[in-house]
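Asks: I have a structure here, written as structure tokens, and I will follow up with some questions on it.
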Amino acid sequence: MTTPDWDILVVGAGPAGSSAALAAARQGAHVLLVERRQQVGLPVQCAEYIPAMLKGQLGLKGGYVVQKIEGMRTHMPGQAVKETVAPGYIIRRELFDQALVAAARKAGARVRCATRAIAMRPEGDVTLSPRDGRAYTVRPKVIIGADGPRSTIGRWAGVVNRHLLPGVQMTLPLAAPLACTEIYFDPQIVAGYGWLFPKGKVANVGLGMLRPSGGQLSLRKVLDGFIRRLKTDGKICGAPLAHTTGWIPAEPVRNAVHGKIMLAGDAAGHTHPITGAGIFAAVTCGKLAGKYAAAAVAASDMTILKAYDREWQDLLGETQTRAHCRREQMEACWNVFDTIIKQCWVAYREYYV
Ligand SMILES: Cc1cc2nc3c(=O)[nH]c(=O)nc-3n(C[C@H](O)[C@H](O)[C@H](O)COP(=O)(O)OP(=O)(O)OC[C@H]3O[C@@H](n4cnc5c(N)ncnc54)[C@H](O)[C@@H]3O)c2cc1C
């Protein structure tokens, strides 16, 4: 059975998908948002930092905030700690994602959880598979793929993330409260970094790096070593309370509109290729995708979708391109870590030269 009555199908209820659904529904489009998980936002796969300005922009009720962050402290071997102003918040990511979905629903989007987009026919019909029911087909005018780093919709459009860095993280008790995020560079964390993000009485401690090959230590062993170091430094204590993993795209700028498919967030490779931060970009680009999708539907003119590529690239293209160049440099020259590392991290002037 085909249901032809959706203007826009949004796949994935992360920050990109909910923001897209919210923007499109506010413009009067008939929006269906599907999410394969039973409960939005769970399990959490995130270190849970957002920049302060994002909270201001969203204007959601702040129940998802755990603590304020004043800045970032970068630890580099053999160097003084570098302090950078980086106001933000550590959030409960599942509550943040749920608040965004609630806003999209309130604006009129229909939300179906435990429903996976599984196939697209040549004419653009999409098969949705609910966990507890029979698969059915919808015929949206526009499809927004906001389905994360290993996007199915991206595959349908013929554009996949080629460079995915693995991230691993444990949550542990903090020895004492902290007001800054802490970033650690170490030759063993190959072409990546370790993080300690304070979250009230606990901390998210993790790392993202190149996938180990041959003789390199496994990611888990590198994380164990990093945790031992933080314990020795007196920053954390006790046993892990939670564990998560995930993929972080590190992609160059590329177009996100392909026929009637638009991609947003991790699915489009919008994540920052050096910091791995992606929530701000997901919300920003999701909103834009929703705005242009609704405008195209209202005008019955799919050429309007292309304006999405222009606008997000105007906003994020330069930052993204610089970060991607730095990533290539970091990966190619990791064997001369000391000489390149300041050019490859956002806290240093050399990064911007
Ligand atoms: C370990 C780790 C730590 C991180 N820490 C931070 C941080 O502190 N700050 C920050 O800004 N960024 C961080 N990131 C990156 C950030 O989490 C992502 O950039 C962000 O989640 C991207 O949002 P999104 O909406 O594009 O994708 P996602 O949040 O991945 O949402 C995609 C959604 O699509 C759903 N989905 C997938 N396939 C289908 C399908 N076929 N049908 C239906 N639904 C589907 C998924 O279940 C998921 O809910 C971190 C990433 C990792 C891995």
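The values are calculated or read from the model by the stated rules, or taken from the named source; none is laboratory data. Bear in mind the structure is a predicted one, so any value in this text is a computation, not a measurement. Methodologically, a virtual Cβ is constructed for each residue, glycine included, from the backbone with ideal geometry; neighbour enumeration extends over all protein chains shown.
Asks: Select from the stretch 244-279 the residues that are away from the ligand (no atom under 12 Å from the Cβ) and either under 11 Å from the mean Cα position of the chain (by Cα) or of a type in the set (D, E, K, R) (or both) and write down the one among them that is farthest from Leu165 (Cα to Cα).
Replies: Looking at the filtered set, the residue picked out is Lys260.
Asks: If you don't mind, another one. Of all the strands (runs of 3 or more DSSP E) wholly in the stretch 34-102, which have at least 1 residues that are more than 9 Å from the ligand (Cβ to nearest atom) and modelled with pLDDT of 95 or more?
Replies: 65-75, 82-91
Asks: Let me ask something else about it. What are the pairs, 6+ residues apart or on separate chains, where a residue within the stretch 190-210 that is over 17 Å from Ile236 (Cβ atoms) has its Cβ under 7 Å from a residue that is polar (S, T, N, Q)?
Replies: Val190/Gln216
Asks: Just the residues that are surrounded by 13 or more Cβ atoms within 10 Å (Cβ to Cβ) and outside any loop (DSSP other than H, G, I, E, B), please, taken from the stretch 230-259.
Replies: Leu230, Lys231, Ile236, His243, Thr244, Thr245, Gly246, Trp247, Ile248, Pro249, Val257, His258
Asks: So, one more: Does Leu33 satisfy the criteria of being crowded, with 17+ Cβ neighbours inside 10 Å and either in contact (Cβ under 8 Å) with a residue 24 or more places away in the chain or closer than 15 Å to Val283 by Cβ (or both)?
Replies: Yes: the conditions hold for Leu33.
Asks: Give all pairs with beta carbons closer than 7 Å in which a residue from the stretch 149-162 that is assigned by TED's automatic domain parsing to the domain that holds His324 meets a residue that is away from the ligand (no atom under 11 Å from the Cβ) and hydroxyl-bearing (Ser, Thr, Tyr); count only pairs at least 6 apart in sequence or on separate chains.
Replies: Qualifying pairs under 7 Å: none.
Asks: Just give me the residues in the stretch 81-111 being basic (Lys, Arg), surrounded by fewer than 18 Cβ atoms within 10 Å (Cβ to Cβ) and closer than 30 Å to Tyr351 by Cα, in sequence order.
Replies: Residue satisfying the conditions is Lys82 alone.
Asks: Can you tell me which of (1) surrounded by fewer than 19 Cβ atoms within 10 Å (Cβ to Cβ); (2) not assigned by TED's automatic domain parsing to the domain that holds Lys55 is the one Val138 doesn't meet?
Replies: Single failed check for Val138: (1).
Asks: What number goes with the only condition from (1) closer than 18 Å to Val40 by Cβ; (2) modelled with pLDDT under 95 that Gly148 does not pass?
Replies: That leaves (2) as the condition not met.
Asks: While we're here: Within the stretch 104-126, how many residues turn out to be in a strand (DSSP E or B), within 25 Å of Leu42 (Cβ to Cβ) and within 11 Å of the ligand (Cβ to nearest atom)?
Replies: Adding up the residues that qualify gives 6.
Asks: Can you confirm whether the stretch 319-326 contains a residue that is without any contact (Cβ under 8 Å) to a residue 24 or more places away in the chain and within 21 Å of Leu210 (Cα to Cα)?
Replies: Within the stretch 319-326, one or more residues are without any contact (Cβ under 8 Å) to a residue 24 or more places away in the chain and within 21 Å of Leu210 (Cα to Cα).
Asks: A further question on this structure: Take the residues of the stretch 141-158 that are more than 14 Å from the ligand (Cβ to nearest atom) and surrounded by fewer than 23 Cβ atoms within 10 Å (Cβ to Cβ): which is nearest to Ala109 (Cα to Cα)?
Replies: That would be Lys141.
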